[in-house]
1. What residue, among those in the range 41-63 that are among the charged types (D, E, K, R) and over 14 Å from the mean Cα position of the chain (by Cα), is most open to solvent (accessible area, probe 1.4 Å)?
2. Got a sec? Which helices (runs of 4 or more DSSP H) wholly within the chain have at least 3 residues that are touching a residue at least 12 places away in the same chain (Cβ under 8 Å), aliphatic (A, V, I, L, M) and out of contact with any Asp or Glu (no Cβ under 8 Å at 6 or more places or on another chain)?
3. Might you let me know whether the range 19-30 holds any residue that is open to solvent by less than 30 Å² (accessible area, probe 1.4 Å), in contact with a Leu (Cβ under 8 Å, 6 or more places away or on another chain) and not hydroxyl-bearing (S, T, Y)?
Amino acid sequence: LLDHQYGWVFHYPVDPIMLAIPDYFQVIKKPMDLGTIKTRLENGWYSSLDGFKLDVKLTFKNAMLYNRKGSVVYNMAKEICETFD
């Protein structure tokens, strides 16, 4: 997923200050990103494939929840999520 053409967008946790989106944590209650997932995989954090899948889907669902339907980030998240399915 990190190698997907849009993977870089979802590699790091969202920084609401840098991105000037102060309401991010009001909308997104459980943030997730591909870098965190990669670290969790490397550290044996996941006890099942299902937990891994849930976090991957959460990454993209968060992006689609926060960003307006049809926006660039929404569309990137949708495409990469469909690729993952």
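The values are calculated or read from the model by the stated rules, or taken from the named source; none is laboratory data. Quick caveat, the model's predicted, so the values are computed rather than measured. Cβ coordinates were reconstructed from backbone atoms using ideal geometry, including for glycine residues, and neighbour counts include every protein chain displayed. For accessibility, only protein heavy atoms count, side chains too; no ligands or nucleic acids. Shrake-Rupley method; radii C 1.70, N 1.55, O 1.52, S 1.80 Å.
1. E42
2. So the answer is 49-66, 72-84.
3. yes
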